[in-house]
Every structure is written in structure tokens, then in C-alpha cells.
């Protein structure tokens, strides 16, 4: 959105859980700013608090210190300005695809509802599937329905919690292209949590690298490659090496990438 | 080589009646063998004759109608009350804390244990008969509704909260559909309980009509064929009712959970 909607600002945010009566720090002094219409990915190994951070943005976690603002306003609970795609598609098995997409549209009239459902199923390439049931869909299709459900509410920010994590490698790459297409089309802010570094570089303007115990932001890398991106290009590889270095997984001869 | 073709349906029917046929054959053999304990046991043919007589009398169909009505009313009340009570305890931990211990204690008393008290309180009326039938249905429906509501996946509740769905809408859109398989299990069990308690209700709280009354009458007249005809009627009707309700529940669930493959 061009009118500067869908910005996210996180300032000095820390969060602890109580485990066996002892506080366990999950997030430590996180500061992050996401501009309107950006695609930002948060990568990190499991347990780095990236999902917790996303849940804070979503409004499902409310106890923390520091600030989390959307368009300058403190986040209080979930809201229609934010959409979410979970790792499990979380479609309701007793509803059809169409009814699932309409799940958050209760307040609208039947006609508007149908229009939005049709529009968004078409958007994700599943027109004609509205009367199918979730169990009849493949994993990739189900996740596309979940994306349609999130987008049907016209959010300013789409939050994605490892949305492609359960898909096979080829479907996954195809879905990454699809996400990019949707992002270019909808022009909304997307914030995605992933542990797939290629996915992060392929999609994002900004890759936020987190490390664990407690979760801190280690580094933020700007990805200024032109789109669509070539996963095999040397620039892509260079950025990948840079990120892997942060996880101490880089090769000992980094110049090997700088052909 | 030509193979005899038997359709799947025929096979299923043959499979279902095989055991009763063998059972009747043994029954007949037992009598033919002249065993002393079979002295009073009527032959299957005698019972069949009894059925012919029963079908020609209006009392028999009236007995069936009265029993069915009794069960339906009791079962309906028990289902409704059990569903609401189970839902309440499932939704509210406070309600569970208050009611669950009492409920589980009361549940331990077998239905027959209540009969003397119920007769003393209400007399030999229709009300206590219907009451014990509904209580019998109430237990399994409460328990299954409760566990269904409690076990709604956390993920679905989270999804609802993301979309701002709460209160009645949450119950309608998420909790009941998610708990439905468990609720229908409770309903089937409740029906079976109602039906089996029907005999207790009709034999112990004496009444002019009902299949239980017919069995009791057979006993009073030492007409074992009449008793057996009553028992067979209870079994067949109970089975038919279970199948019918099972079909309805499957249809309900299929409509909501799984569509028929197009």
C-alpha cells in the first residue's frame, strides 16, 4: 500500500516465559522496523524466539516489555489489519474451501462475501475448488487456500509462520514464486518466519537473522537483488554465504564464492 | 470355470443372518435332544406361532408404540439436557469444578438402584419411567459432549481469536463442529442406554402397556414363548433404532465434515 500503511516498529522488546518458576528469557531487546510494503523474513534456528516474535506482532502474546507498534499504534490483540498463515494450513475440516476462505468475513453481506471468496480463490489459482473439502487438497493447495483466507480480509500486513515448512522441496519453490507474485500484486507488507535461508533470500528485501538463548537479532541483511531472483546466481550465493557465516556454518574459504 | 456371482449386498445380508440361523438351529437341536433343562423351553416354531398370534392382536403393536414413544421422549430429554450440561462443563472450568464431582458420584449408582426411591417419590407413573430413561441417556451424552468440547484443538481456538470470533459465534463456528464426532458418539451410546433401561422402567414400574409389560405378563402366565417373543422384539427394535440413528448421524457428519466424493 502506497499510503504508508502496514508499517511495523518494534522497540527494545524483551519477553520471558516462566518455566518451573524460573523466568526464561525468550526475546532480548529486539528492535526492528519494517516499512510499508516490504517483504521481511526472520531466520534463525529453532528456539530462537522467531515464532514468539511473530505471535507478538499478531497480538496473541501480550506480556512483554518494550514496544510493538503497527502504523504507530500499540498492538492490542489480533486485528483485521494483520493476516496470518500458519505452518499447518489450519483449514477447518468441516468447511468447504469457499467457506474456509469466508471464515473471517462474517460481518459482510452474502454477495460481498462471495465476491471476495471468488476473487481470492482466483488469486491463488484455485477457482473452481470452492466446494471441495480440505481433505481433498494437496498440502500446497491447502496452504494456498490458507493464504486466500488471510488475504480475503484485506490485511495491511501478512504474517507468515513457516508457511511452506511442511511442503516438499519442489512444491516449496513453486509456492515461493507464488508468494512473490501475490506480494507484488497485493503490495502489502509481508513478514515471514522461516528456517530456509534460500527461501529468505529469494523472497525478502530484508533478512533478519536471529540467534537463540535468549533470542536476539544478530544481523539484518538487505537483499538488493532484482526480481525475479536467480537462486543459482553468484550474488545470491554470496548473500547466502554471508548468512551462513552468521550461523557459523560458512565454509572456511569464503573466497570460493567470490568467483 | 463359471463362478457363481453373488452381489456384495447379498453377501452382507447372508453374513448378517448366518449367526441367527445357526443359533436357531442349536436351539432346535437342544429341544430335540430332550435335555431335561429344555423341558419348559418352547421350540423356535412355537415362538414363531406366538409371533403370528401377536401380530393379529392390536395389543402387540400398541405395546411397541408405547415403548417406542417412551424411549423417544426420554432419550430426547436426556440428549438435550446432556448436551447442554456437557457443553457448560466443557466451556467453563468453574462449572466443571462445581458440578463434576457430584455428577461422577451420582453416575456410579446403577439405574436399578434408583427405582425404589423413584417409585416412593413419584409413584407408578409415566413420569418416573421417562425420567430414568432420560437419565440413562444423559450420562454418556454429557460425558462425550464434555470431552469433545474440552478437546477442541488449541489451533482452532487460536484461529478464531485471530479473526475476532468469540462468544456464541465461537461455540457455533468452532466448538460444536469440532466436538461433533464426540457428541454423536455420545448420542449413539445414549440411545443404547435408553433402550436397555426401558425394560427396567417397564418391568419395575408396572404399567398397562409396553414390551416390558408383555414380558412381565408372559412370566406371570408362565408363557415362555410370550417372554421370548418380547425379548426378540426388544432386540430387533433396538437394533433397528441403532442402525437408523447411526445412519442419521453419519449423514449429519458427512454433510459437515466429509462430502461424498463427487
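Values in this text are rule-based calculations from the coordinates and carry no lab data. Predicted model only: the values in this text are computed from it and were never measured. Reconstructed Cβ throughout: ideal geometry from the backbone, glycine too, with neighbour counts over all protein chains shown.
Table for the structure above
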read-out: For the range A:176-239, Kirkwood radius (reciprocal of mean inverse C-alpha pair distance, Å); value: 12.8
read-out: B:40, B:51 arranged by Cβ crowding within 10 Å, fewest neighbours leading; value: B:40, B:51
read-out: Ascending count of other beta-carbon atoms within 10 Å, so fewest first, for A:157, B:171; value: B:171, A:157
read-out: Tilt relative to chain B, helix B:58-91 - C-alpha long axis, 0 to 90 degrees, to 10; value: 20
read-out: Inter-centroid distance (Cα atoms) of the range B:115-149 relative to the range B:91-109, Å; value: 16
read-out: Rounded FRET efficiency, nearest 0.05, which uses the C-beta distance separating residue B:252 from residue B:57 and R0 of 35 Å; value: 0.40
read-out: Projected area, mean over directions - the range B:33-173, Cα convex hull, nm²; value: 15.1
read-out: Pairwise centroid distance, computed over Cα atoms, of the range B:13-54 with the range A:1-38, Å; value: 78
read-out: Per residue, the convex hull volume that the Cα atoms of the protein assembly as shown enclose (Å³); value: 281
read-out: Average Cα contact separation per residue, the range A:83-154, under 8 Å, 6 or more apart, as relative contact order %; value: 51
read-out: Relative contact order %, the range B:47-256, counting alpha carbon pairs below 8 Å whose residues are six or more apart; value: 28
read-out: In degrees, nearest ten, helix B:44-56 long axis to first principal axis of chain B (Cα); value: 70
read-out: Cα gyration tensor shape of the range A:9-61, rounded if a/c is under 1.5, else prolate or oblate by comparing a/b with b/c; value: prolate
read-out: Order of A:190, B:199, B:124, A:173 under a 10 Å beta carbon neighbour criterion, fewest first; value: B:124, A:173, B:199, A:190
read-out: Separation of alpha-carbon centers, the range A:109-133 and the range B:219-238, rounded to whole Å; value: 59
read-out: Among A:146, A:169, A:200: highest mean-square fluctuation, GNM of chain A, C-alpha pairs under 10 Å; value: A:169
read-out: Pairwise Cα inverse-distance average, inverted: Kirkwood Rh of chain A (Å); value: 19.2
read-out: Volume of the Cα convex hull of the range B:131-215, divided per residue and given in Å³; value: 88
read-out: Chain A - percent relative contact order, Cα under 8 Å, separation 6 or more; value: 25
read-out: Potential lengthening between residue B:157 and residue B:222 on full extension [0.36 nm per residue; Cα-Cα distance subtracted]; value: 17.3 nm
read-out: Convex hull volume per residue in cubic angstrom - Cα atoms of the range A:83-154; value: 77
read-out: Spherically averaged projected area of the range A:111-259 from its Cα convex hull (nm²); value: 10.7
read-out: Chain B - Debye-derived log10 I(q)/I(0), Cα point model, q = 0.10 Å⁻¹; value: -0.69
read-out: Cα long-axis angle, helix B:224-256 against chain B (0 to 90 degrees, to the nearest 10); value: 30
read-out: Antiparallel DSSP beta bridges within the protein assembly as shown, as percent of all bridges there, nearest 5; value: 55
read-out: nm² value of the averaged projected area, convex hull over the Cα atoms of the range B:165-251; value: 7.4
read-out: P(r) weight above 15 Å for the range A:66-110, C-alpha pairs, percent; value: 60
